[in-house]
Amino acid sequence: MVDIAEILGAGDADTFFGLPKVELDKLSPIDVVVLGIPCATPYAATGTYSAGAPRALRKAVAHDASGTAHMDFDLGGPVLGDGSIRFADYGDLPWSEHDHVANRKTITDTTREILSANAVPIALGGDDSIPIPFYEAFADRGPFTILQIDAHIDWRDDVDGETLGLSSNMRRASEMSHIENIIQVGARSIGSARPSDFNDAVAWGVDFIPARQFMERGIEHILSKIPNNANLLINFDVDALDPSIMPAVIGPAPGGLSYWDVVNLIQGAMNKASLAAFSIVEFYPDKDTTGHAALTAARVVCNVLGNLARR
């Protein structure tokens, strides 16, 4: 069988895109840190469905690790640009299937260490609850605008008594004093939200652009809602993508965004605002029978890195 990795001369890479490894006490010369976050606060009903996501995303672009100097036609040049922006991969955070308090503390503390070194964290998740402790790390550094790209709005106050789970991440973010604006893109079909949850979000001030409106009005309509030069936190739940290209999620819904919808939206947002952090969540490796979904998700991350390299 022909293997593209062999053609490209690639070997095994245990970091994202073959980036150098870095330890927390050696962050000072690094501008962008990729961070694997397998798990935060999963529900008992879902389990740790995305714990293998960081490993799967790294594996998906391992064959490109020898091609960092190659032409990337998504970006018009090598992914990492001219080398003036320094990238590294910290690896995966330790996590517990049962001690969710410890998971959240580790996420917040490690992210604070990265921010203290003036680096931009790129979080490879992991379950959808990760943004809660991830965003807690940004306290006293705001204000921030959140761009949430997601098929669901995640505004439940609790699910079976759990207030920090996957259906609550945007409601919890709205309660953080450093979060000033929330723009949510891609909602469609039926999720866990009740009408009262949606009404609470609207009352708070969320700008919603459902998937149907995205298709009708385009990217510029969304970009107009992002304040110029805002400090931007982008959270990309991969179920925002159409299940025809992203089946590896727990909540698939037809009518989702395309790869280019997401890539162009993120690039436009990063051109207008300053990216403070990016996170990708909900990738479910067990549902990715061909590996193509992991490649799609990982290529979105490559585009984020490429846009940071060109800022």
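A few comments on the model shown:
- Any chance Ala276 is surrounded by fewer than 22 Cβ atoms within 10 Å (Cβ to Cβ), of a type in the set (Gly, Ala, Ser) and within 14 Å of the chain's Cα centre (by Cα): yes
- Flag for Asp25 being within 21 Å of the chain's Cα centre (by Cα) and modelled with pLDDT under 95: no
- Only listed residue being surrounded by fewer than 21 Cβ atoms within 10 Å (Cβ to Cβ) and either in contact with a Cys (Cβ under 9 Å, 6 or more places away or on another chain) or assigned to a loop (DSSP other than H, G, I, E, B) (or both), chosen from Ser50, Ser66: Ser66
- Members of region 108-120 found to be closer than 15 Å to Asp89 by Cα, in contact with a helix residue (DSSP H, G or I) (Cβ under 9 Å, 6 or more places away or on another chain) and assigned to a helix (DSSP H, G or I), listed by number: Thr110, Thr111, Glu113, Ile114
- Pairs are defined by a Cβ separation below 9 Å, a sequence spacing of at least 6 or placement on different chains, a first member in region 257-286 that is under 23 Å from Phe73 (Cα atoms) and in contact (Cβ under 8 Å) with a residue 40 or more places away in the chain, and a second member that is of a type in the set (Lys, Arg) and in a helix (DSSP H, G or I); the pairs so defined are Tyr259/Arg299; Val263/Arg299.
- Considering region 232-250, and only residues there that are of a type in the set (Gly, Ala, Ser) and crowded, with 19+ Cβ neighbours inside 10 Å, the residue that is farthest from the chain's Cα centre (by Cα) turns out to be Ala248.
- Matching residues in region 205-224 - criterion: being surrounded by 15 or more Cβ atoms within 10 Å (Cβ to Cβ) and either in contact (Cβ under 8 Å) with a residue 24 or more places away in the chain or under 20 Å from the mean Cα position of the chain (by Cα) (or both): Val206, Asp207, Phe208, Ile209, Pro210, Ala211, Phe214, Ile219, Ile222, Leu223
- Matching residues in region 127-154 - criterion: being at pLDDT below 95 and either surrounded by 24 or more Cβ atoms within 10 Å (Cβ to Cβ) or touching a His at 6+ places or on another chain (Cβ under 6 Å) (or both): Gly142
The values are calculated or read from the model by the stated rules, or taken from the named source; none is laboratory data. In this text the structure is predicted, and so the values were computed from the model without any measurement. Here the Cβ is made from the backbone with ideal geometry for all residues, glycine too, and neighbour counts use every protein chain on show.
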